[in-house]
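The values are calculated or read from the model by the stated rules, or taken from the named source; none is laboratory data. Computed from a predicted model, the values in this text were never measured in an experiment. No Cβ is skipped: glycine too gets one built from the backbone with ideal geometry, and neighbour counts run over all protein chains shown.
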Amino acid sequence: MRTTPCPTTLLSRLSHLKIVNIVNRNSGQCLAIGGASMSNGAAAIQWPCGSGLEQQWLVDSEPLRRTTIVNVNSGKCLAIGGASISPGTGAIQWPCNNGGEQSWFWHVYDHPPHNSELTPRHSGLCLAIGGASTAPAARALQWTCNGGLEQKWQFYNA
């Protein structure tokens, strides 16, 4: 059996990947895919944090970089539905395709508590929980960045 060594750039990139829970600062709940769905277009929601794979995400551990956010349960990317640039459009999971609606910029503010904002490359809007809801199953969506806690996220090793 012949093996091909991984290019150094790939090995370097892999060393920065980690599995995390992404927790909303307003509600204290985890970003999840509703019902642990494996379906394309399934909604990203907030849900009380637990050990479910639908609440675990593979991300680049280096903030201030563009990254894809991959759901561990489904292997699909966090995306903005239809690549819309409209505020209020829901976040979903979709097969990874390197689109701007799946490429997220991770902005880190105030150290600690390391509040972060996530903005998709295609729109520049912030990932938020709709209406600043603290209810389980409230939708994650993109919204005009305003500094509210519903748009702040913390990353914890899963």
Inset, instruction - Could you tell me whether any residue of the range 93-107 is touching a helix residue (DSSP H, G or I) at 6+ places or on another chain (Cβ under 8 Å) and buried (at least 20 other Cβ atoms within 10 Å of the Cβ)? - result: yes
Legend entry - Tally, over the range 104-135, of residues that are over 18 Å from Trp57 (Cβ atoms) and either at pLDDT 95 or above or out of contact with any Ser or Thr (no Cβ under 8 Å at 6 or more places or on another chain) (or both): 14
Inset, instruction - Return yes when Ala83 is closer than 14 Å to Arg139 by Cα and at pLDDT 95 or above and no when it is not. - result: no
